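Enquirer: Before anything else, here's the structure in question.
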Amino acid sequence: MTPIHSTEGIRARRAMLMAGSLLAAMAFSSGAGAEPLALKICSIDDRSGSAADTGIESLNGLHMVVDPVNEAGGINGRKIELIEYDGKTDPQLTATLATRCAEDDKGLLIIGPSPTAPAAAVVPVANQNKIPAYILSAAANALTDNAEFQFRFGPKAAQDAIAVADAAAERGFKRVAIINNSVPFGIDGSESVMAALKEKGIEVVARETYDVAATDVTPQVMNLSSAKPDLVLVYPYPADGARVIRSIRQMGVTAPVIMPRVGLMKAFRELAAADANGVLVPSSVDISRPEVKKFFEDYAAKYGAVAPTPSAVQGHDAGTLAIKVLSDAEVQKAIDSGDLAAARLAIRDATLRLGQIDGLQGQAGVTYQFGKGQHHGAPDKGFFVYTEVAGDGKELVAPDDAKFRPAQ
Amino acid sequence: MPLATKRASVWPVVAVLALGVALPFLLSGGFQLRIAMLIWIFAILSMGFNLLYGYTGQISMGQQGFYAVGAYAFALLQIKLGLSPVLAFAGAVAICAVLGLIVAYPLLRLRTHYLAMATLGFGLILNGVANRWIDFTGGTAGLTVPPLTWGGEALGRTGIYYVVLAIAGVVFLLHDFIARSHVGRALQAIRDDETAAAALGVPVRRYKLRIFVLAAAIAAVAGCCFSVVSLRVDPSLGEFHILVSMLTIAVVGGLGTRFGPLIGAAIVTILPQLLLQFGAAETLIYGAFIVLFLLFIPHGLAGLVENVRWTRKSAAPARTAATNVLEVKG
């Protein structure tokens, strides 16, 4: 019996030794040789639904920065992996996708979304998971107040409104009429501009709201017309924007028309055609800048022609900053350590440190202003230019300033 | 629609809840836990809809409005009045119940598509208010909801999951109790023929009013749970796609069934995530899937199971909700 016990004892000791060695080896291997993190960026934006254009263009703009870097070998030999999610203009789905990016995909950074509601839904996810989120065009004013991990590239509604109110005041407009659709973009836009106009002492003589699906907006336009405004502001989506501008022309309203953001969109210009001529649009994209012009030529060559809307440019600028940040030595060190939380924190900190980039938005020489306590990139001054729709909706040109004046 | 049986056991419900308790140990990450929470939340919302439409036949297209009001009330009672989450929860449910009563009182005179349109109008009004009363509701961007805390620390995702599960469990047991009790049979009698039900002594108007209020309160419960999970409320909670999700859950899971809301919620929440790999074709595949369900499994997955059981009992004389009510009353 003794030899048997002795043999079992030896076997047991051997097994324990082997298990101990294995555990030690595992501990050693995990501590000393942690795998560097993959450079994963999640693009979460609306590529279907009512804001599909913005999401598609922002992703294309992002690809135009990331693809050349990957073709050249990536950052320190590691290629950037873009994970693309369609948020479908649904805040709840967008938040779920952001969680998937942060927790399942182990993403380092989220780029997107564009509209306010999905962007706002990403903020708690970004803060809970401590993952930086580069939000694009979301206009809600408070989105970056007391921000921790979210950064915004587009102008906020108040800045749009200030640009419109400034232009109206500078040109001597006194009686402004506003017409907006019933969706958040229309409501928020008109509320913001009313506040900005009030500050400038400009009277709002009429404000009309119509249902976004309304096929006839003649009653609202008649009310505008009877108020005799010297400037008309329109806050629509593309399809209803075409209906509004057609009614404005048919009713014989001759006052200049300003249509923030949507006036640039291809869908609006195609639907409105000749009626779109003369519509003025404050835009963060200055098409007189050579680098902006070249960007849209390259974009057209790769993805087909597109109006110079901010979405593509915002995707480009967010990608530019992301590459700059990922190339930073501190960020690379954190990525090499394999510590996901440390890498995300390093990216957040590097964004604050390196965020004064010269992007394609704004006038020449105007840079983003990310920095400590400043998670909203667009400055108040020098960020907007005016563009005029011409050529039966096919062209965007510098506005004729003589026409952009109150009627005498 | 299949009829609930008097002798149906509560144990399948208990087993499902036990599986829910074990789920955090079976899932691999926080994302999967979030999906699990969303399933429970949509199941809660759909249970109210199931009681109202599936069992009572009262089609309400405004349930998403109560869902949003519940979520907003939960957030605002904490933000504006500084109430604790428990009191805010109770307050939000009470507000929705009262609102449900106010809405139900005049609207329940209507039937079928008239009732559907009237309740849809109610939902649209609430959505308009959420979007336009910017100072109060935060407009498009919505409101940030304070995180749940325990001992001064923010509750982790697993903790939040168990809170949601506990609430869902209570609603599930209540839903099941109603479905299996004489109340469920009375509701089905109203659904099948209001006049016949009234002739048999069922207080039709009282039952319809009560179930409408209960469904509104249950929608508020789901809204509160969503606020806890997402830490944010915004107008999208009251939009049409929530209603579409509820209707899809009803189609896939089975209307007027005990487990339909839960099965439907699981499929409607998980399937889009699985289909993400198909990119632009995802919506097409999802739509085709729903059409197939409508064509081949019109009573949903839960209905399919119950139909099998009824087929086995085909030798027994056919029963209707009315005969069940008679039996209870007799």
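Enquirer: Considering only segment B:41-66, state which residues are open to solvent by 10 Å² or more (accessible area, probe 1.4 Å), assigned to a helix (DSSP H, G or I) and away from every other protein chain (no Cβ under 14 Å).
Expert: Within segment B:41-66, B:Tyr53 is the sole residue that qualifies.
Enquirer: Mind listing whichever residues of segment B:85-135 are polar (S, T, N, Q) and open to solvent by 50 Å² or more (accessible area, probe 1.4 Å)? I'd like the intermediate steps shown before the answer.
Expert: Filtering segment B:85-135 for residues polar (S, T, N, Q) gives B:112, B:119, B:127, B:131.
Across segment B:85-135, the qualifying residue is only B:Thr112.
Enquirer: Separate question: Go through (1) at pLDDT 95 or above; (2) under 22 Å from the mean Cα position of the chain (by Cα); (3) open to solvent by 40 Å² or more (accessible area, probe 1.4 Å) and name the single condition A:Ala305 misses.
Expert: (1)
Enquirer: If you don't mind, another one. Please verify whether segment A:179-197 includes one or more residues that are open to solvent by 10 Å² or more (accessible area, probe 1.4 Å), more than 12 Å from chain B (Cβ to nearest Cβ), on the phi < 0 side of the Ramachandran plot and outside any loop (DSSP other than H, G, I, E, B).
Expert: Checked against the condition, which is being open to solvent by 10 Å² or more (accessible area, probe 1.4 Å), more than 12 Å from chain B (Cβ to nearest Cβ), on the phi < 0 side of the Ramachandran plot and outside any loop (DSSP other than H, G, I, E, B), segment A:179-197 yields at least one hit.
Enquirer: Does B:Arg157 satisfy the condition of being within 14 Å of chain A (Cβ to nearest Cβ) and either touching a residue at least 40 places away in the same chain (Cβ under 8 Å) or within 25 Å of B:Phe240 (Cβ to Cβ) (or both)?
Expert: Values: within 14 Å of chain A (Cβ to nearest Cβ): yes; either touching a residue at least 40 places away in the same chain (Cβ under 8 Å) or within 25 Å of B:Phe240 (Cβ to Cβ) (or both): yes.
Criteria met by B:Arg157.
Enquirer: Would you mind stating whether B:Ala280 is within 14 Å of chain A (Cβ to nearest Cβ) and open to solvent by 70 Å² or more (accessible area, probe 1.4 Å)? Talk me through it step by step, then tell me what you get.
Expert: Details: within 14 Å of chain A (Cβ to nearest Cβ): yes; open to solvent by 70 Å² or more (accessible area, probe 1.4 Å): yes.
Answer is yes for this residue.
Enquirer: Let me ask you something else. For segment B:241-288, what are the residues that are in contact with a Gly (Cβ under 8 Å, 6 or more places away or on another chain) and aromatic (Phe, Trp, Tyr)?
Expert: B:Phe259
Enquirer: Sticking with this one: Could you grab me the full set of residues in segment B:136-168 that are under 30 Å from A:Ala138 (Cα atoms), open to solvent by less than 70 Å² (accessible area, probe 1.4 Å) and among the β-branched types (Val, Ile, Thr)?
Expert: Correct list: B:Thr137, B:Thr140, B:Val145, B:Ile160.
Enquirer: So if I check each of B:Val229, B:Val268, B:Val328, which one is at pLDDT 90 or above and more than 11 Å from every other protein chain (Cβ to nearest Cβ)? Walk me through how you get there before you give the answer.
Expert: Values: B:Val229 fails: more than 11 Å from every other protein chain (Cβ to nearest Cβ); B:Val328 fails: at pLDDT 90 or above.
Criteria check complete, one pass: B:Val268.
Enquirer: What number of residues in segment A:81-110 are away from every other protein chain (no Cβ under 11 Å) and open to solvent by 10 Å² or more (accessible area, probe 1.4 Å)?
Expert: Within segment A:81-110, residues that are away from every other protein chain (no Cβ under 11 Å) and open to solvent by 10 Å² or more (accessible area, probe 1.4 Å) number 2.
Enquirer: In the set A:Val212, A:Val204, which member is more than 19 Å from the chain's Cα centre (by Cα) and within 14 Å of chain B (Cβ to nearest Cβ)? Steps first, answer last, please.
Expert: On the way: A:Val204 fails: within 14 Å of chain B (Cβ to nearest Cβ).
Only one candidate passes the filter, namely A:Val212.
Enquirer: Something else now. Which of the residues spanning segment A:126-162 are farther than 16 Å from A:Gly377 by Cβ, open to solvent by less than 20 Å² (accessible area, probe 1.4 Å) and at pLDDT below 95?
Expert: The one that is farther than 16 Å from A:Gly377 by Cβ, open to solvent by less than 20 Å² (accessible area, probe 1.4 Å) and at pLDDT below 95: A:Ala161.
Enquirer: Only one of A:Lys333, A:Lys372, A:Lys381 is farther than 27 Å from A:Ile80 by Cβ and surrounded by fewer than 21 Cβ atoms within 10 Å (Cβ to Cβ); which? Steps first, answer last, please.
Expert: Details: A:Lys333 fails: farther than 27 Å from A:Ile80 by Cβ; A:Lys372 fails: farther than 27 Å from A:Ile80 by Cβ.
So the residue among A:Lys333, A:Lys372, A:Lys381 that is farther than 27 Å from A:Ile80 by Cβ and surrounded by fewer than 21 Cβ atoms within 10 Å (Cβ to Cβ) is A:Lys381.
The values are calculated or read from the model by the stated rules, or taken from the named source; none is laboratory data. Because the structure is predicted, anything quoted here is derived from the model rather than measured. In this analysis, Cβ positions are derived from the backbone assuming ideal geometry, glycine residues included, and neighbour counts consider all displayed protein chains. Areas reflect the complete protein model, heavy atoms only, side chains present, ligands, DNA and RNA absent. Shrake-Rupley method; radii C 1.70, N 1.55, O 1.52, S 1.80 Å.
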